[in-house]
Amino acid sequence: MPRAFLVVMDSVGIGGAPDAGEFFNSEKPDTGANTVGHIAQSCPHGLHMPVLDGLGLGAAIRLASGLDAPGLGSIPQGLWGCATEVSQGKDTPSGHWELAGVPVPWEWHYFPDTIPAFPDDLVRAVMQAAGVAGILGNCHASGTEIIARLGPEHLRSGWPICYTSADSVFQIAAHEQVFGLERLLHLCRTVAPVLHRMRVGRVIARPFTGDAESGFVRTANRRDFAVPPPVPTLCDWVQDAGRRVHAIGKIGDIFSMQGIDDVAKGSDAELMEHLFRAVDHAEEGSLTFANFVEFDSLYGHRRDVEGYAKALEWFDRQIGALLPRLRKDDLLLLTADHGNDPTWPGTDHTRERVPVLVAGYGAGEIGKVRFADVGASVAAHLGVPAQGPGRSFLPVR
């Protein structure tokens with residue numbers, strides 16, 4: 001029985017979104033943003049990604065945006081194309097839900113980039129749930145910057161640090177020992193329904209440790225409390241067919257554990273180890289759904305072009321080692337959920353098309369497809385009924 005491995009390279013966009021002009025960074029439209037293409041142009045000798053380029057990455061960039069990315073000029077040996085999103089957001093839930101066959105049927109709520117950023121009734125709800133007399137932050141901020149700036153006051157007052165970004169998120173940072181990890185998780189869990197009714201996509205617990213003298217460091221105990229998908233997704237389709245669904249990275253959080261059997265978390269290096277183990281041991285007929293977030297969180301938002309390039313090349317080497325371990329009937333599909341061009345103004349995601357690279361179905365061009373077609377194609381490979389607007393682009397074996 002065939003298995004499927006759906007791997008999302010978080011924010012690895014390839015430009016060319018037809019509606020990019022409707023999305024903005026620092027008041028500049030995303031028209032022309034191209035995450036992989038611009039990173040390749042910024043490298044002295046282009047990007048060295050022979051494995052993904054061999055599957056069709058360079059060809060997908062040319063198809064999506066017309067750009068010839070330096071270093072990415074191989075003749076594709078895999079099934080390749082690019083996908084376009086229809087959901088009105090360039091955020092994590094929108095991209096992943098639509099890749100799993102479910103375009104988002106509403107517009108997310110975003111907080112204004114003002115001080116304060118949050119309405120009074122929301123602040124009161126947080127204060128009541130936390131049992132405190134106030135909150136810190138109440139603004140748009142970088143997570144690492146705001147804990148460095150407000151961490152000492154947080155330790156003195158015991159007030160949680162609340163902030164947001166250009167995404168539809170409400171983030172609460174607190175010290176794991178002084179405030180307490182379980183208390184932070186309980187706080188986020190308690191206020192999440194309030195935010196979800198506002199159509200805010202995620203409430204994120206951001207625990208950290210340290211002190212003013214040695215500095216503050218975020219821990220790996222982040223937890224997302226996301227709005228559940230409105231209808232069954234690919235994960236549910238597979239699970240309803242009696243198959244197992246394994247989540248790697250933040251997939252469980254993104255889908256509120258709907259249709260998920262188990263979750264493995266960690267750094268991207270640790271997540272890659274989990275992916276290797278899944279390829280070696282996952283059951284017949286199963287879906288393994290993975291997200292590698294550090295392209296986005298460590299390099300895209302921080303506009304670190306060099307770091308992003310090194311992460312892409314590291315990922316390429318890992319996939320090169322993974323491919324020979326796939327079984328004859330396995331499907332490996334590599335894609336992304338949005339862009340985050342590190343050469344672009346601002347710190348927000350960028351509206352872009354994304355690559356669709358398939359190992360296990362020979363070579364060929366699938367053309368320009370929809371995000372929802374990814375979920376339908378994975379379902380077709382596994383032989384489970386699909387719902388929603390997507391259509392499989394896989395050839396008959």
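When a/c is below 1.5 the answer is rounded, else prolate if a/b is larger than b/c, else oblate, so apply that to the range 250-290 with a ≥ b ≥ c taken from the square roots of the Cα gyration tensor eigenvalues. Don't jump to the answer; show the numbers that get you there.
Values: a/c = 2.83, a/b = 1.09, b/c = 2.59.
The shape class here is oblate.
For the chain, with a Gaussian network of springs between Cα atoms less than 10 Å apart, report the residue from LEU332, LEU150, LEU55 with the top mean-square fluctuation.
The residue with the greatest mean-square fluctuation here is LEU150.
List the lysines whose Cα sits under 21 Å from the Cα of LYS90, skipping any in the same chain fewer than 8 residues away.
Hits, sequence-local ones excluded: LYS28, LYS250, LYS368.
Where does the charge balance sit around LEU72 when Lys and Arg score +1, Asp and Glu -1, over other residues with C-beta under 12 Å from its C-beta?
Values: positive: ARG62; negative: ASP53, ASP68, GLU313, ASP316.
For residues surrounding LEU72, the net value is -3.
What net charge do the residues around GLY15 carry, taking every other residue with its C-beta under 9 Å from that of GLY15, with Lys and Arg at +1 and Asp and Glu at -1? Provide the component values of the computation, followed by the final result.
On the way: positive: ARG353; negative: ASP341, GLU352.
Summing Lys and Arg as +1 and Asp and Glu as -1 gives -1.
Can you work out D for the chain in µm² s⁻¹ from Stokes-Einstein, where Rh is the Kirkwood radius over C-alpha pairs, the temperature is 20 °C and the viscosity is 1.002 mPa s? Spell out each step's value before the answer.
Working: Rh = 21.3 Å.
Once the numbers are plugged in, D ends up at 101 µm²/s.
With the contact rule set at Cα under 8 Å and sequence spacing of 6 or more, what percent relative contact order holds for the range 120-226?
Details: 182 pairs, mean separation 25.4, N = 107.
Once divided by the residue count of the range 120-226, the mean separation gives 24 percent.
Across the range 328-343, in residue order, what do the Karplus-derived ³J(HN,Hα) couplings come to in whole Hz, using 6.51 cos²θ - 1.76 cosθ + 1.60 with θ = phi - 60° and x for Gly and Pro?
In residue order, the calculated couplings are 4, 9, 6, 10, 10, 10, 9, 8, 8, 9, 4, x, 7, 5, x, 9 Hz.
Can you tell me which of LEU312, LEU72, LEU122 moves the most in a GNM of the chain? Springs connect C-alpha atoms under 10 Å apart.
Among LEU312, LEU72, LEU122, the largest mean-square fluctuation in the Gaussian network model of the chain belongs to LEU122.
Could you please report the charge total around ALA376, scoring K, R as +1 and D, E as -1 over all other residues with beta-carbon less than 11 angstrom from its beta-carbon? If you can, show how the numbers build up before the last one.
Values: positive: ARG370, ARG391; negative: ASP373.
Here the count lands on +1.
Report, in degrees rounded to the nearest 10, the 0 to 90 angle that the Cα long axis of helix 371-382 makes with the longest principal axis of the chain.
60 degrees
For the chain, calculate the relative contact order in percent as a whole number, restricting contacts to Cα pairs under 8 Å that are 6 or more residues apart. Display every interim value, and only then the final one.
Values: 963 pairs, mean separation 120.0, N = 397.
This gives 30 percent for the chain.
If you fit an axis through the alpha-carbon atoms of helix 143-157 and take the longest principal axis of the Cα set of the chain, what angle between them do you get, 0 to 90°, nearest 10?
30 degrees
Relative contact order for the range 167-321: what is it in percent, counting Cα pairs under 8 Å that are at least 6 residues apart? Walk me through the numbers on the way to the answer.
Details: 224 pairs, mean separation 24.4, N = 155.
For the range 167-321, the relative contact order is 16 percent.
What do you reckon, how do LYS28, LYS368 stack up by accessible area (1.4 Å probe), largest on top?
Values: LYS28 85, LYS368 120 Å².
Accessible-area ranking of LYS28, LYS368, largest first: LYS368, LYS28.
Given a 1.4 Å probe, how much area per residue of the chain is accessible, in Å²? Kindly include the intermediate steps, with their values, before the conclusion.
Values: 14970 Å² over 397 residues.
On a per-residue basis, the chain sits at 38 Å².
Can you tell me which of ALA247, ALA64, ALA220 moves the most in a GNM of the chain? Springs connect C-alpha atoms under 10 Å apart.
Looking only at ALA247, ALA64, ALA220, the biggest GNM fluctuation is shown by ALA220.
Enter the Cα centre distance for the pair the range 39-100 and the range 130-159, rounded to the nearest angstrom.
Cα centroid of the range 39-100 versus Cα centroid of the range 130-159: 38 Å apart.
Rounded, prolate or oblate: pick one for the range 1-68, where a ≥ b ≥ c are the square roots of the eigenvalues of its C-alpha gyration tensor, a/c under 1.5 means rounded, and failing that, prolate if a/b is larger than b/c, else oblate. Don't skip to the answer; put the middle values down first.
Working: a/c = 2.20, a/b = 1.38, b/c = 1.59.
It is oblate, given that a/c is not under 1.5 and a/b is not larger than b/c.
State to the nearest 20 debye the size of the charge dipole of the chain about its Cα centre, where the only charges are +1 on K and R beta carbons and -1 on D and E beta carbons. If you can, show how the numbers build up before the last one.
Details: 34 positive and 47 negative charges, 94 e Å.
Using Cβ point charges on Lys, Arg, Asp and Glu, the chain gives about 460 debye.
Report in % the part of the accessible area of the range 120-226 that belongs to carbon and sulfur, leaving out ligands and nucleic acids; probe 1.4 Å.
51 percent
Principal axes first, then extents: for the Cα atoms of the range 163-284, list largest minus smallest coordinate on each axis, whole Å, largest first.
52, 35, 26
Cα axis of helix 120-130 to longest principal axis of the chain: angle in degrees, 0 to 90, nearest 10?
Around 80 degrees separate the two axes.
The values are calculated or read from the model by the stated rules, or taken from the named source; none is laboratory data. The structure displayed is predicted, hence computed values, not measured ones. Note that we place each Cβ from the backbone using ideal geometry, even for glycine, and neighbour counts take in every protein chain shown. Please note that ligands, DNA and RNA were not included when accessible areas were found on the heavy atoms of the full protein model with its side chains. Shrake-Rupley method; radii C 1.70, N 1.55, O 1.52, S 1.80 Å.
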